[in-house]
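Participant: Below is a structure I'd like to ask you about.
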């Protein structure tokens, strides 16, 4: 199952992508219940299959089952059965937002590929380096990454991310997958001069628009092994990063165990696992992003996240 957050009449909605179409899951579930004679279908749908991503993930396995039933109901119907009813849309006809537009926590991992730590001339970490971005800086596919007025040292970092599906604390490694809802792409845009001014990286990482995410939340049943995925970052079509998630120093399950020892993980939390070698500040000559550039991150099985760089307002 591939899930998205898309806009309908300016309102964010939870959708499922099936081939080249998006199904509004909450609206489809309402219609399905109505056609079976149920009453108060709007209230039932809000409880069983919420229209927002965090609400959906928080509803747990029951919501997943309802989503699967709803997708089958829509896809097995006669062609055109849902046209004009606010149920099914062409994928190219909708505006996608980040799949988790405002995650409860947006957690990132630094120096989690050996080659990136080496190019940054930093010690290979013996335990994960954790920092965060504010959820308000998340943007979706196609949205502009806005250059700040105070710096031109804006760098790209393509990253594989996982999304938490249920609440957990002190999670053992052999149970970690149970807490994963699925996977997505995060672009850890970085303002290098601000990042390096102090020992705390966060200020250089959390400028407005510095966390593009998407296009999909690919549920874990579609990705048998999250640690065999090719990752490529291109700037204006030129490959800048090329790696595979098998090279992570601390993988998904290591990170869930480590982080959950410190604080409780909740549905909708996003953990971005770090970037491989090839970033702009470590190149000779250095390569920083500028207005008009386009950054595209492809991760095998997760799609492509593409965003333009736009001038400061």
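Read-outs: derived from the displayed coordinates by stated rules, not from any lab. No experiment lies behind these values; they were computed from the predicted model shown. So basically every Cβ, Gly included, is an ideal-geometry build from the backbone, and we count neighbours across all protein chains shown.
Participant: Could you check the simple spin-label distance between residue 202 and residue 312, using points 7 Å along Cα→Cβ, in nm with one decimal?
Facilitator: If labels sit at residue 202 and residue 312, their model points lie 2.3 nm apart.
Participant: Sorted from largest down, what three extents in whole angstroms do the Cα atoms of the range 2-96 have along their principal axes?
Facilitator: Extents along the principal axes: 31, 29, 22 Å.
Participant: Just how far, in whole angstrom, is the range 191-228 from the range 235-313 if you go by their alpha carbon centroids?
Facilitator: 5 Å
Participant: Taking the 0 to 90 degree range and rounding to the nearest ten, how far is the long axis of helix 61-75 tilted relative to the main principal axis of the chain, both from C-alpha atoms?
Facilitator: 70 degrees
Participant: Over the range 2-96, what is the relative contact order in whole percent, taking alpha-carbon pairs under 8 Å and six or more residues apart?
Facilitator: Once divided by the residue count of the range 2-96, the mean separation gives 35 percent.
Participant: Please work out the FRET efficiency for the pair residue 75 and residue 167, using the Cβ-Cβ distance as r and a Förster radius of 30 Å; give the result to the nearest 0.05.
Facilitator: According to the calculation, E is roughly 0.45.
Participant: Also: Counting pairs of alpha carbon atoms under 8 Å apart in space and at least six apart in sequence, what relative contact order in percent does the chain give?
Facilitator: 22 percent
Participant: Taking square-rooted eigenvalues a ≥ b ≥ c of the alpha carbon gyration tensor, is the range 44-148 rounded, prolate or oblate, where a/c under 1.5 means rounded and, failing that, a/b exceeding b/c means prolate?
Facilitator: Since a/c reaches 1.5 and a/b is larger than b/c, the shape of the range 44-148 is classed as prolate.
Participant: I would also like to ask the following. Normalised by the number of residues in the range 178-313, what is the relative contact order in percent for Cα pairs under 8 Å and 6+ residues apart?
Facilitator: Value for the range 178-313: 26 percent.
Participant: Further question: If R₀ is 30 angstrom, what is the calculated FRET efficiency for the pair residue 8 and residue 222, using the beta carbon separation as r and rounding to 0.05?
Facilitator: 0.75
Participant: Would you indicate which of [x] 0.93; [y] 0.96; [z] 0.99 is the value of Rg/Rh (Cα atoms, Kirkwood Rh) derived from the coordinates of this structure?
Facilitator: Here Rg/Rh (Cα atoms, Kirkwood Rh) agrees with entry [z].
Participant: Let me ask you something else. In the chain, what percentage of the DSSP-assigned beta bridges are antiparallel, given to the nearest 5?
Facilitator: In the chain, DSSP labels about 90 percent of beta bridges as antiparallel.
Participant: In whole Å and largest first, what semi-axes does the C-alpha gyration tensor of the range 220-288 yield when each eigenvalue is scaled by 5 and square-rooted?
Facilitator: Largest first, the range 220-288 gives 28, 16, 11 Å.
Participant: What Kirkwood radius, in Å to one decimal, follows from the Cα pairs of the range 86-139?
Facilitator: In the range 86-139 this quantity evaluates to 14.4 Å.
Participant: Which percent of Cα-Cα pairs in the range 173-313 sits in each 10 Å bin, short to long?
Facilitator: Calculated over all Cα pairs of the range 173-313, the distribution is 10, 38, 37, 14, 1 percent.
Participant: I need the shape label for the range 105-187. Rule: rounded when a/c is under 1.5, else prolate if a/b > b/c, else oblate, with a, b, c from the alpha carbon gyration tensor.
Facilitator: Verdict is oblate for the range 105-187.
Participant: Okay, next question. Taking only Cα atoms and a 10 Å spring cutoff, compute GNM fluctuations for the chain and point out the largest among 268, 214, 80.
Facilitator: Per the Cα network of the chain with a 10 Å cutoff, 80 tops the list.
Participant: Taking 7 Å along the Cα-to-C-beta vector as the label spot, tell me the residue 19-residue 121 distance in nanometres, rounded to one decimal.
Facilitator: So the label points at residue 19 and residue 121 sit 5.5 nm apart.
Participant: Give the distance, in whole Å, between the Cα centre of the range 60-99 and the Cα centre of the range 102-129.
Facilitator: For the range 60-99 versus the range 102-129, the Cα centre distance is 37 Å.
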